[in-house]
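Nothing in this text is a laboratory measurement; each read-out follows from the coordinates by a stated rule. Just so it is clear, the model here is predicted, and its values are computed rather than measured.
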Ligand SMILES: [Zn+2]
């Protein structure tokens, strides 16, 4: 599936796949396209985890989750809203079924588990499903940075 997003800068219509991760750029003028929905969250794998975490100058909140986990799925919307409200934080997801190596490296014993990384270091961790207000409270020190 794909959606058509019109570029506000040059007016060209762009086809953006629904499973696109990150901010899509206009094919013609390369400016970022506005997303209709909440921002798509970055998907981390063994291949891109280290580089994503280390190279990111911003705080990075990683959601360790799995598709079969109902609380994880229930939290997904709140997490997307949190990401939209705090552009200074990069929010990403690790599918623990697809990435058992990462799950064991970070000793994920229950899901969902959210870990905040700053410059590649774990600074805070919370387990269990949370709503928007709980997310705000748990990650408030980093949410204030713009
Ligand atoms: Zn454009």
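Remarks
- Relative to the longest principal axis of the Cα atoms of the chain, the long axis of helix 70-85 makes an angle of roughly 50 degrees.
- When Rg and Dmax are taken over the Cα atoms of the chain, they come to 15.8, 48 Å.
- Solvent-free Debye scattering, log10 I(q)/I(0), computed from the Cα coordinates of segment 86-146 at q = 0.13, 0.23 Å⁻¹: -0.36, -1.09
- Value of relative contact order over segment 42-143, rounded to a whole percent, pairs C-alpha under 8 Å and six or more apart: 38 percent
- Principal semi-axes in Å for segment 30-113 [√(5λ), Cα gyration tensor, largest first]: 22, 17, 11
- Between 0 and 90 degrees, the angle of helix 46-55 with respect to the longest Cα principal axis of the chain falls at about 80 degrees.
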